[in-house]
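See structure below.
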Amino acid sequence: MSFVFDPPPQASVAVAQSSVRFPVRRIFCVGRNYAAHAREMGNDPDREPPFFFTKPADAVIDSPCTVPYPPLTQDLHYEIELVVAIGKGGADIAPDAVMDHIWGAGVGIDLTRRDLQAEAKKMGRPWDWAKAFDLSAPMSPIVPLIDVPSLETGRIWLAVNDEIRQDADIADLIWPVRDHVAYLSRAMTLAPGDLIMTGTPAGVGAVRPGDVMTGGVDGIGEIEVTISDRG
Ligand code: MN
């Protein structure tokens, strides 16, 4: 097969303790999946089924990394999230079968232009400009499932300049991994290489150039992202 120009490089994320990389196909993100975060954003956490938005595959960048303060925003926010990596595709996956489709897990930060998101919500517009910008998905190395102690419980935390801002447990997910992956697979066929950012706990906030974010999920990994001046 030939193309009118060279196809883009395959987006990928590091794999823990390996030189082999995880190829990224799509990035799905769950909205409002922790009750305390839904409340802090002014929503009722009890009423809604899970909903999803996406980022482009090449929004990923390996941790540790430096991300320039992105354009168009004055309110860049961090959101620490457990990330699930799909290794085997499928549609209409039953909750009990979800683990058979998961290759591994990692830790990501769903960088968000909160001011553009607020405007999109107000205007009834899509979230893409708030969520799907360049380098908006820093990721820790992906840990193979066999080395993941649990996708059901474990501390999830984020600090800015060593000050803890988010501190929760993935046991607090409103829609746990097995349920939201099953739900997503009813809407579209999942494929190897899909990443799912599973939602962020309470405590989101702004970062400025010079800030260093560190975070992690116990037993799965840690992430470190520095924000530099606007590019
Ligand atoms: Mn998020």
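The values are calculated or read from the model by the stated rules, or taken from the named source; none is laboratory data. Small disclaimer: the values here were computed from a predicted structure and weren't measured. Note: ideal-geometry Cβ built from the backbone for every residue, glycine included; neighbour counts use all protein chains shown. We work out accessible area using only protein heavy atoms, side chains counted, and drop any ligands, DNA or RNA first. Shrake-Rupley method; radii C 1.70, N 1.55, O 1.52, S 1.80 Å.
Annotations for the structure displayed:
- Only listed residue being within 15 Å of the ligand (Cβ to nearest atom), part of a strand (DSSP E or B) and either open to solvent by less than 60 Å² (accessible area, probe 1.4 Å) or small (Gly, Ala, Ser) (or both), chosen from 67, 83: 83
- Here residue 89 fulfils each of the conditions (1) open to solvent by 50 Å² or more (accessible area, probe 1.4 Å); (2) more than 12 Å from residue 139 (Cα to Cα); (3) not charged (D, E, K, R) apart from (1).
- Selection status of residue 104, open to solvent by less than 10 Å² (accessible area, probe 1.4 Å), among the small types (Gly, Ala, Ser), assigned to a strand (DSSP E or B) and in contact with a helix residue (DSSP H, G or I) (Cβ under 7 Å, 6 or more places away or on another chain): yes
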